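Below you'll find the structure, written out as structure tokens, and then a few comments.
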Amino acid sequence: MAGSVLIVDDETVVIKSCERILAPEGYSVQGATRAREAMDMIKKVDFDLIITDLKMPEVDGIELIRWIRKNNPGSGIVVITGYPSQESIKDSLELGIIDYLPKPFSPQLLIDVTEKAFTAIKATSGKERPEAEEDIETKLKDIMEVIEKYKTKPGALIPVLQKVQGVVGYLPPAVQRIIAKELNLPVSEVHAVVSFYSFFTMKPKGKHNVRVCLGTACYVKRAAEILDKVKEYLGIDEGGITEDKKFSLETVRCLGACGLAPVVVVDHDIYGSVDPVKVSETIKQYT
Ligand code: FES
């Protein structure tokens, strides 16, 4: 099972469609139409992720998030919002939400946001890779130089994150904490920005990043077989990195090149009509 998710929304149809979309992805999904009902469920079940509407009758989403932060701080939170006011989003960010889903949202967006939220939950659950500490120690001077350069400029957060990612290669939670402290921002705000933009990554990448597309057009053309072959060749799972840090492996859902399906991308090189038997030869070129 990919993880447990609680959907809190006063519209039953939203809960039902989230269940329909997330259950086939391997998530265990439950729903609550009221915040109080959600609180009762959270007291009994330790949900990994809670996706909640902000606007609800009786107890609203912000109050529910405050309650979760106090009573079940380990759960990740994503908010569903129709017309987000600056205030409600600001409050939610202060409370450490991972991301938000603007209503109405597509099935793919729900899947992507949920996946991203689970990556963030794992990364902040105290099980940081030991290498992360090493990466930071050796690069701390460079990280501080970047921060010093941008510190006094308005809107420094995004350029600092970009430059620091360039230095470290990724943005693990420990690096996010340093940036938050030095820029005088809440860690939740830094974390929300890193989770929100797809060009930021919390996972280390190898010198060469291999992406196997598992979107529908590629899937029907044996993409799962291709993925298995790549895993076998590199000796790593998806999301993993080889011991020599030469390769990392990711899966993606549609690279927008369905006409070339099945597609594999290595760094910025796109390979179409990939043959599962020959995919290892393609990767071998990068060794
Ligand atoms: S499904 Fe693979 S590129 Fe579109």
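Calculate, in whole percent, how much of the Cα-Cα pair population of segment 130-196 lies beyond 13 Å.
Tail of the P(r) past 13 Å holds 57 percent of the pairs.
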task: Report, in order of residue number, the helices in the chain meeting two criteria: a C-alpha extent of 27 Å or more along the helix axis, and a mean Kyte-Doolittle hydropathy of at least 1.6; treat each whole DSSP H run as one helix.
output: none
query: Say the dipole of the chain comes from +1 at the beta carbon of Lys and Arg and -1 at that of Asp and Glu; which of Gly26, Ser195, Ser106 then lies farthest toward its positive end?
result: Ser195
task: Divide by every residue of the chain the summed helix terms, -39500 (n - 2.57) for each DSSP H run of at least 4, and state the resulting mean residue ellipticity at 222 nm, rounded to the nearest 500 deg cm²/dmol.
output: -14000 deg cm²/dmol
- request: Beyond 22 Å between alpha-carbons counts as too far, so tell me which of Lys221/Lys278; Lys203/Lys231; Lys205/Lys229; Lys139/Lys207; Lys16/Lys70 fall in that bin.
  value: Lys16/Lys70
Three principal axis lengths of the chain [C-alpha, angstrom, descending]: 60, 48, 31
task: Give, to the nearest whole percent, the P(r) tail of segment 208-284 beyond 16 angstrom, counting all Cα pairs.
output: 39 percent
- prompt: Carbon-plus-sulfur fraction of the accessible area of segment 208-284, 1.4 Å probe, in percent?
  reply: 49 percent
Cβ charges +1 (Lys, Arg) and -1 (Asp, Glu), total dipole of segment 130-196, debye: 360 debye
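If the viscosity is 1.567 mPa s and the temperature 4 °C, what Stokes-Einstein diffusion coefficient in µm²/s follows for segment 35-75 when Rh is the Kirkwood radius over Cα pairs? Intermediate values should be presented prior to the final figure.
Values: Rh = 10.2 Å.
My calculation gives 127 µm²/s for D.
Multiply the residue separation of Phe199 and Ser28 by 0.36 nm, subtract the distance between their alpha-carbon atoms, and state the gained length in nm to one decimal.
Gain on extension, Phe199 to Ser28, equals 58.7 nm.
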- prompt: Per 10 Å bin, what percent of the C-alpha pairs of segment 135-287 does each bin hold, from zero upward?
  reply: 11, 35, 26, 20, 9, 0
- prompt: In nanometres, what is the gap between the two model label sites at His268 and Ser280, each 7 Å from Cα along Cα-to-Cβ?
  reply: 3.0 nm
message: Net charge within 11 Å of Ser17 by Cβ-Cβ distance, Lys/Arg positive one each and Asp/Glu negative one each, not counting Ser17 itself?
response: -1
field: Protection-proxy order for peptides 201-208, 50-57, each taking the mean of Cβ atoms within 10 Å per residue, highest first
entry: 50-57, 201-208
message: Rounded to two decimals, what is the ratio between the C-alpha radius of gyration of segment 3-123 and 2.2 N^0.38 Å?
response: 0.93
message: Run the numbers for Glu11 and Gln162: contour at 0.36 nm per residue of separation, minus the present Cα-Cα distance, in nm.
response: 50.5 nm
Accessible area (Å², per residue) of the chain, counting only protein heavy atoms and a probe of 1.4 Å: 52 Å²
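The values are calculated or read from the model by the stated rules, or taken from the named source; none is laboratory data. Worth saying up front: this structure is predicted, and the values here are computed from it rather than measured. Cβ atoms come from the backbone with ideal geometry, glycine included; neighbour counts cover every protein chain shown. Only protein heavy atoms, including side chains, enter the accessible area calculation; ligands, DNA and RNA are left aside. Shrake-Rupley method; radii C 1.70, N 1.55, O 1.52, S 1.80 Å.
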